[in-house]
Amino acid sequence: MLCATRQSDAAKVTASETTKALGPFVCPECAKAVIVRKCRTKVDHFAHLPPVTCQYGAGETEQHRQCKTQIFEALRACPHVTKLELERRLGEVRPDISCFIGRVPVAIEVQISALSYDLILKRTEAYARKKIYLLWLSPWTDDLEFKDRYAPKLWERWCHAAYYGRVYFWFNDSRVVPYHFDPYLLHVPHSEWHGEGGEEMSSGGYDRFSKKFKTPARGRLLDIATDFVPVDHPGFVGGSMIVPPCRLFKDRFGKFDQLRFAPVPAVAQPASDEYDDDADASD
């Protein structure tokens, strides 16, 4: 976790802007002691003292912390971004980053570990009830680079359906790379054999669309602060995929063809109408 509560005055503090001498600190979720960890090669963060029973911050990776920190710092430099906060507590949800971009309340969720389908829907519906526009992100990986075959994770397939045919991967700072998943053709090889009665039989020799694999099509780099707009999604049900009525923060372009391919730089980093903390805390 990047934020904790200073015990002396109950103030919320970030690990990068405090020191051990200003402690002690407690977890904002379980109120148990946490320590600030300052590292030369890692993002400053807080950690629970053992034994650890609280799930807040449990299993958070360095990649996740880097992503949250870089997005936060990049948005902090934008004059039209206000009420910016890390890990703001909003009742049953706690977005990694939340702010107003212009007049739009935005929550950014950075997804790295596997997230259950039920939890995806639960969080999306919770933000919609609070009238906050949600942007799901995942860090960019070279698994997507110049590949003709990719097996999207469940949450990536859900995002592709919800965000009108694109998934957003964080690249660096406040920049993201959108991807569209084109169909992937599997070749079924031709084969011949003789049946029990000696008759000639054959099968295959054709292509079919794969259910598991897709071909990732890359779009050009977008900036969260300037290239995204609020969208009220009416929701739909398509096969086993359910997108509830929700509020999403989506790029301002229409069809993905308007975004399709621009080279990604060679070096990537390891992606209520107002926030009312007092009111939300009672949810």
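Counting only Cβ charges, +1 for Lys and Arg and -1 for Asp and Glu, the dipole size of the chain around its Cα centre is about 700 debye. The aspartates and glutamates within cross-link reach of Lys211, meaning a Cα-to-Cα straight distance under 17 Å and a gap of 8 or more places when in the same chain, are Asp148, Glu156, Asp182.
Between Leu2, Pro230, Cys246, whose Cα lies farthest towards the positive end of the dipole of the chain when Lys and Arg beta carbons carry +1 and Asp and Glu beta carbons carry -1, centred on the Cα centre? Value: Leu2. Could you sort out which of Lys122/Lys250; Lys153/Lys250; Lys20/Lys83; Lys12/Lys68; Lys130/Lys250; Lys83/Lys130 sit more than 22 Å apart by Cα distance in this structure? Checking Cα-Cα distances, Lys20/Lys83 exceed 22 Å.
Of all DSSP bridge pairs formed entirely within the chain, close to 85 percent run antiparallel. Checking every one of the trypsin sites (Lys or Arg not before Pro) in the stretch 101-173 against DSSP loop status and a limit of 16 other Cβ atoms within 10 Å picks out Arg103, Lys131, Lys147, Arg149, Lys153. Looking at the stretch 32-172, send over the antiparallel percent of its DSSP beta bridges, to the nearest 5. Of all bridge pairs located within the stretch 32-172, approximately 65 percent are antiparallel.
The candidate values were (i) 60, 51, 36; (ii) 87, 42, 39; (iii) 53, 44, 44; the one computed from these coordinates for Cα extents along the principal axes in Å carries the label (ii).
About the centre of its Cα atoms, the stretch 1-60 shows a dipole size close to 220 debye [charges on the beta carbon of Lys, Arg (+1) and Asp, Glu (-1) only; nearest 20 debye]. From the alpha carbon centroid of the stretch 143-208 to that of the stretch 95-114 is 30 Å.
Take each peptide in 189-197, 167-175, 245-253, 228-236, count the other Cβ atoms within 10 Å of every residue, and average; sorted highest first, the result is 167-175, 245-253, 228-236, 189-197.
Which one, Ser210, Gln111, His80, projects farthest toward the positive side of the charge dipole computed for the stretch 61-280 from Cβ point charges (K/R +1, D/E -1)? Most positive-ward Cα: His80.
Give the Debye-formula value of log10 I(q)/I(0) at each listed q (0.29 Å⁻¹), with one equal scatterer per alpha carbon of the stretch 1-60, two decimals each. Computed log10 I(q)/I(0) values: -1.32.
All of the numbers you see were taken from the coordinates with simple rules; none came from a lab. These numbers come from a predicted model, not from an experiment. Neighbour counts are summed over all protein chains in view; Cβ atoms, including those assigned to glycine, are modelled from backbone coordinates with ideal geometry.
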